[in-house]
Ligand SMILES: [Zn+2]
C-alpha cells in the first residue's frame, strides 16, 4: 500500500498495477501468503487485529510480523477487536475501540 500511495502522489503509476492486501492476520497469512510472496519477489500489506497478536496459533505472532516487516511487507492496523460493527449499539461506541 505504501507503493500505491507513493505512485499516486508522484503520478508514476505502473502500467498494470496490483495491490495485495490480507485482512485479520491469520497465521496462514504468514505460512502460506508471506512465503508465496517471497518466492515470487512480491510485497503485500497485512492488516492485523491487534488484540489477536501473540494470543494463539490461529493468528500471527509479533515475531512473524517483525520478520515480514523486515522483508518489506507492510503491517497495518485492521482493528483492535474486530467487533461486528453492524451488531453494535451507538450508545456504547467508545468501549469497542
Ligand atoms: Zn477483517
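Every number here is computed from the coordinates shown, using simple stated rules; none is lab data. What you see is a predicted model; the values in this text were computed from it and never measured.
Any chance you could check the Cα centroid distance between the range 65-83 and the range 1-54 for me, in angstrom?
9 Å
Which value does Rg/Rh take for the range 26-82 over its C-alpha atoms, Rh per Kirkwood?
Values: Rg = 10.7 Å, Rh = 11.3 Å.
Over the Cα atoms of the range 26-82, Rg/Rh equals 0.95.
From Cα pairs below 8 angstrom and at least 6 apart in sequence, can you work out the relative contact order of the range 26-82, rounded to a whole percent?
Values: 65 pairs, mean separation 25.2, N = 57.
That works out to 44 percent.
Scaled to the compact-protein estimate 2.2 N^0.38 Å, what is the alpha-carbon radius of gyration of the chain, rounded to two decimal places?
It is 1.26.
Output the antiparallel fraction of DSSP beta bridges having both residues in the chain, as a percent to the nearest 5. Don't jump to the answer; show the numbers that get you there.
Numbers: 1 of 10 bridges.
Here the share of antiparallel DSSP bridges comes out near 10 percent.
Mean separation of Cα pairs under 8 Å and 6+ residues apart, divided by the residue count of the chain: what relative contact order is that in percent?
That works out to 26 percent.
Would you calculate a helix-derived [θ] at 222 nm for the chain, using -39,500 (n - 2.57) for each DSSP H run of n ≥ 4 and dividing by the full residue count, to the nearest 500?
Using -39500 (n - 2.57) per qualifying helix, the result is -6000 deg cm²/dmol.
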